[in-house]
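The values are calculated or read from the model by the stated rules, or taken from the named source; none is laboratory data. Everything numeric here is computed off the predicted structure, so don't read it as measured data. Please note: Cβ atoms are built from the backbone with ideal geometry, for glycine as well, and neighbour counts cover all protein chains shown.
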Amino acid sequence: MNKSQELVINLLSHAIRGQKYELDINENINWNEVIEEANEHSVKGLIYTAINNTDYTKTMDKETLDDLKKTTFFSGMYQINHIKQVSKVLDELNKEAIQVVALKGLIVRELYPKPEQRTMGDADLIVKEGDLNKVRLILETLGYTVSDREYHHHIRFKHKNHLDIEVHWVLGNGRFFDSIDSIEDNIWETCIPVNIGVSNALSLSLEDMTLHLITHMVNHIKDAGFGIRQLCDLVVLVEKQGHLIDWSLFNKKVKECNIIKFTSVIFNICNKLFNMEIPSEIYIESIDEENMNIFIDEIFSNGVFGKRHTHKQYANWSACNIDREEPKNVYFKKVFYTMFGPIDTWGDKYNYAKKNKILIPIAYIHKFLYGLFGNKFTLKEKFNLIFKTTKESKNKDEILKWLELQ
């Protein structure tokens, strides 16, 4: 971590605990770099809550401070309106007696001192598969439309005035787990009632919620990457609700998902960065400090959704063995993902191939020509991107092997 990243962590450590951060106001701080880092991880509002009404703001120039205040205010209002809209959706689903489990940010935000500063880019809900058609009709009545892009584990609904809603019927992303039974078993029997805004919903049990945060990180690191905000979610959950969690049951589920090493690393990182106390009941492996620091740098470089650097996105596709029917280290397969990425990540212009598989070869040619002559990057930048991707892919492959995810 560099100095600015260390400051972001210190600010977040105080913000997620509702504390103010005091430091020597004479210290030389590159606030533009700090705020840029926070912005990449969608935690600008959070870091502001740690320095608001302190002498620390005197170390910022007026323009930077005013921009941070404005961003924090409007971001908070946007999230409040988002919750109101989700509440409206839940009311309509409740009228039809459709059971809905709210996931991730919709639940953990309430554990933050300033919930509106735990930003969300969409809303994740899970329903029973038999209710999907009814859910679709209700959302369409509310002005939502189904995204053209196909997903194998959820449906994304878009609205011209509101954030997207992802409707899941399973929790796990089966591409990345040998077995996800421990995620799916007994969801509806163990879920607990909660309020989202003024509306009734359900939440996963605390054990399943904790597991889901971990498995969601796995999905992201093997798809694009994840950032600091996801770690904050785990910290606030463990610190606020850890005494209520059956850690023996959690350990059992982690073992069944075959993510013991990854879970150990994540809990160790939360301890190292945020001084989170690791529950004594959790099975924690001894972690190599050097590799853990490399992984921390990787998390910072990802940004909140792993899309901070284009070459890292391509490297993820190259490094990850997405198709389990193939051997892990087939060279040509890695080259393919480096050049094109998974077909389900291609833009709308390639929908003809997604809908009609016989047209995929034509789409490959289309993709290659657009990539070579398109306007997004110059030809020099594209060759530089390929070089960086190849190098980064090797690094990512080593990280995944160390985490025992490859």
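Give the residue that is surrounded by the most Cβ atoms within 10 Å (Cβ to Cβ), with candidates limited to residues of the range 120-157 that are of a type in the set (Gly, Ala, Ser) and modelled with pLDDT of 95 or more. Can you show your working first?
Filtering the range 120-157 for residues of a type in the set (Gly, Ala, Ser) gives 121, 123, 130, 143, 147.
Add one more test, that the residue is modelled with pLDDT of 95 or more, and what stays is 123, 143.
Working: ALA123: 24, GLY143: 12.
Ranking the qualifying residues of the range 120-157, first place goes to ALA123.
For every residue, the table says whether it meets (1) surrounded by fewer than 13 Cβ atoms within 10 Å (Cβ to Cβ); (2) in contact with a His (Cβ under 7 Å, 6 or more places away or on another chain); (3) under 24 Å from PHE274 (Cα atoms); (4) among the polar types (S, T, N, Q).
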position	(1), (2), (3), (4)
LEU7	no, no, yes, no
GLY18	yes, no, yes, no
ASP61	yes, no, no, no
ASP66	yes, no, no, no
TYR78	no, no, no, no
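For ILE51, are the conditions met, namely being within 16 Å of LYS70 (Cβ to Cβ) and in contact (Cβ under 8 Å) with a residue 12 or more places away in the chain?
Numbers: within 16 Å of LYS70 (Cβ to Cβ): yes; in contact (Cβ under 8 Å) with a residue 12 or more places away in the chain: yes.
So ILE51 fits the description; yes.
Are any of the residues in the range 37-52 assigned by TED's automatic domain parsing to the domain that holds ARG156 and under 23 Å from ILE16 (Cβ atoms)?
Of the range 37-52, the ones assigned by TED's automatic domain parsing to the domain that holds ARG156 are none.
No, every residue in the range 37-52 fails to be assigned by TED's automatic domain parsing to the domain that holds ARG156 and under 23 Å from ILE16 (Cβ atoms).
Can you tell me which residues in the range 59-116 are of a type in the set (Lys, Arg) and more than 27 Å from LEU206 (Cα to Cα)?
At the first step, the residues of the range 59-116 found to be of a type in the set (Lys, Arg) are 62, 69-70, 84, 88, 95, 104, 109, 114.
Result: LYS62, LYS69, LYS70.
Could you please give the count of residues in the range 41-63 that are among the hydroxyl-bearing types (Ser, Thr, Tyr), more than 12 Å from TRP31 (Cα to Cα) and at pLDDT below 90? Step through it out loud before you land on a result.
Here is the first cut: in the range 41-63, the ones among the hydroxyl-bearing types (Ser, Thr, Tyr) are 42, 48-49, 54, 56-57, 59.
From what is left, the residues that are more than 12 Å from TRP31 (Cα to Cα) are 42, 49, 54.
Adding the requirement that they be at pLDDT below 90 leaves 54.
Counting residues in the range 41-63 that are among the hydroxyl-bearing types (Ser, Thr, Tyr), more than 12 Å from TRP31 (Cα to Cα) and at pLDDT below 90 gives 1.
Failed condition for VAL100, given (1) touching a Gly at 6+ places or on another chain (Cβ under 8 Å); (2) farther than 25 Å from ILE296 by Cβ, with all others met?
(1)
Return the pair list, or none, for Cβ contacts closer than 6 Å from residues in the range 188-213 that are outside the structural domain of VAL170 (by TED's automatic domain parsing) to residues that are assigned to a helix (DSSP H, G or I) and among the acidic types (Asp, Glu), at least 6 apart or on different chains.
Close Cβ pairs satisfying both conditions: LEU213/ASP233.
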